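Input: a single structure, listed below in structure tokens.
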Amino acid sequence: MNVTHNCFCIDQEKSIAITGYPTNQDFNYDPLHPLLNFHLNNAGDPFLGSSFSLNSTTFEVSVLNWFASMWEIEKNEYWGYVTSGGTEGNLHGILVGLVFLNSK
């Protein structure tokens, strides 16, 4: 028996009806499929580039530019990176806040 067989035992009706992360499965990931063919390393500052040639820095900076444009933030007034998930984003936000408050 292979692992994928067990996936079909999940009650699909319940997984679509449940709201909230990470249980809601009513999402089509097909548009992201081409990105799954690459192992992209996003370690480090996307604005400084990466020593690893296969990286996501261009994509990350594009995402940051899009948000900055939406919020009308000037290019030299923002910095950031794309996280692997909400927990990493929250932890980094706490760290940035702590550093900021300690500098006052």
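Read-outs throughout are calculated quantities, based only on the coordinates presented, and are distinct from any laboratory measurement. Just so you know, these numbers come straight off a predicted model, no measurement behind them. Note that we place each Cβ from the backbone using ideal geometry, even for glycine, and neighbour counts take in every protein chain shown.
Things worth noting here:
- Considering only the Cα atoms of region 29-102, their convex hull presents on average a projected area of 6.5 nm².
- A simple spin-label model places the labels of N76 and L95 2.7 nm from each other, with each point 7 Å out along Cα-to-Cβ.
- In a DSSP loop and with at most 16 other Cβ atoms within 10 Å, the chymotrypsin sites (Phe, Trp or Tyr not before Pro) in region 28-83 are Y29, F38, F47, F52, W71, Y78, W79.
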